[in-house]
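> Sending over a structure as structure tokens; questions will come in a sec.
The values are calculated or read from the model by the stated rules, or taken from the named source; none is laboratory data. Please read these numbers as outputs of a predicted model, since none were measured by experiment. Neighbour counts are summed over all protein chains in view; Cβ atoms, including those assigned to glycine, are modelled from backbone coordinates with ideal geometry. Areas reflect the complete protein model, heavy atoms only, side chains present, ligands, DNA and RNA absent. Shrake-Rupley method; radii C 1.70, N 1.55, O 1.52, S 1.80 Å.
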Amino acid sequence: MSFKTVSRVTNGETVGASLKAKVDEAISTLGYRPNLAARRMGGGRSHLISFIVFAMTDATRDNDGFVMALEAGMIARCQALGYSLAIEMVDAGSNAASEMVGVLRGLETDAIILAPPLCDDPSVLAAVQQSGKPLVRYGPAADFGRTPYVTIDDEGAAFELTRYILSRGHTRIGFVEGPEAGSAKGRRRGYLRALQEAGVAAEETLIAPGSYTVRSGERAGASLLALAKPPTAIFAANDMMAFGVRRAAEARGLKVPEDLSIAGFDNIDAIVGAWPDLTTIRQPVGDVGAACIDAAVARLDGKPDIGIVLPCELVPGATVVKPRLHR
């Protein structure tokens, strides 16, 4: 087997199926990793894909387990395809576009994956597209036809979870929404659609703002539970906020789920480990990361742009039970 043959396979060139299988087997046996520096010197692809995220915030700190699982999925797929992953941070806001330009100038990258809220910022999108780098958006809120994208069915999952809470006999269901991002908007739509289809009037007083952090969930929970007619169940748009709602309930001397049912979203390991019976939504975080890499490589290979929407799974734990009046 010649060096040239191995090079053709690792660079994604077309070879016979049987020959490719032999090369792949040898690569696996030997634990071979492509020399990215040599590839760059050869004038071809850098075999580097860049994942550009919003600069560190309280939300990213609280949800570092989620972010790590997403990035692990990307890294594993990159390794399988002979790529490496670079992770960069950009501040959202008035200087986001100029920061993006600076980042792009310092990267010898083949493709860009943008995370929210950057993936919905028109100035950031314009900066990336002006660079000519293939772009994939993770979790966009709108304008889906503009670029390839990867997301989950936030609305469908929230609809299913809200419908599950309704099926336990709850009609006053509080909702702690997330920040202005695609995921948060979809989860709000799913919550409202489930109420509407069940013939339950939506009340603005039962919707509290949140930012995907424990503290925001605690504040939202406290405000909902202070209502003259508080909810019997609260659906928080992510697990970290659900944990905050639990703190707020306990501060008022309420027991979960005896006095208040609580549900979350994400199935984050950090929360599930401390609260294993949480009713929540499991999203395939690692698969989402892998799909982002697949979409980027597909663009590099000249394949048609794709939009990937991955399904989620309801995890019916023990934190949602019938309200006291229905027992």
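> Hey, what do the phi angles of the range 191-201 turn into as Karplus ³J(HN,Hα) couplings, whole Hz, using 6.51/-1.76/1.60 and θ = phi - 60°, x for Gly and Pro?
The phi angles translate into 4, 5, 5, 5, 4, 4, 5, 8, x, 9, 5 Hz.
> Which sequence of VAL53, VAL245 reflects their accessible areas, 1.4 Å probe, from the largest down?
Correct descending sequence by accessible area is VAL53, VAL245.
> Determine the order of SER261, SER183 by accessible area, beginning with the largest, at a probe radius of 1.4 Å.
Reading off the accessible areas and sorting them downward yields SER183, SER261.
> Can you check what the net charge comes to around GLY182, using other residues whose Cβ is under 15 Å from the Cβ of GLY182 (Lys, Arg +1; Asp, Glu -1)?
Here the charged neighbours net out to -3.
> Taking K and R as +1 and D and E as -1, what net charge do the other residues with C-beta under 15 Å from the C-beta of ALA97 add up to?
Result for the local shell: -3.
> Lys and Arg at +1, Asp and Glu at -1: add these up for the other residues within a Cβ distance under 15 Å of GLY132 and post the number. Each step should come with its number before you reach the end.
Details: positive: ARG45, ARG105, LYS133, ARG299; negative: GLU108, ASP110.
Summing Lys/Arg as +1 and Asp/Glu as -1 gives +2.
> Still on this model: Short version: ³J(HN,Hα) in whole Hz for each residue of the range 241-252, in order, from phi by Karplus 6.51 cos²θ - 1.76 cosθ + 1.60 (θ = phi - 60°), x for Gly and Pro, what are they?
5, 4, 5, x, 4, 4, 4, 5, 5, 5, 5, 9
> Taking H as built 1.01 Å from N, whose amide H comes closer than 5 Å to the amide H of GLY317, not counting residues under 5 places away?
Answer set, sorted by chain and number: THR279, THR280.
> With a 1.4 Å probe and every protein chain left in place, work out the accessible area per residue of the range 139-212 in Å², rounded to a whole number.
Working: 3110 Å² over 74 residues.
Each residue of the range 139-212 exposes 42 Å² on average to a 1.4 Å probe.
> Next question, about the same structure. Quick one: accessible surface of PHE54, probe radius 1.4 Å, all protein chains present, in square angstrom to the nearest 10.
Roll a 1.4 Å probe over it and PHE54 shows about 60 Å².
> Let me ask you something else. In terms of modelled amide H atoms, which long-range or inter-chain residues lie less than 5 Å from the amide H of ILE207?
Under 5 Å from the amide H of ILE207 lie the amide H atoms of PHE175, each far enough along the sequence or on another chain.
> Also: Let me know the shape class of the range 224-275, please: from the alpha-carbon gyration tensor, a ≥ b ≥ c as square roots of the eigenvalues, rounded when a/c is under 1.5, otherwise prolate if a/b is greater than b/c, or oblate.
prolate
> Suppose accessible area is computed on protein heavy atoms with a 1.4 Å probe; arrange LEU192, LEU161 from highest to lowest.
Reading off the accessible areas and sorting them downward yields LEU192, LEU161.
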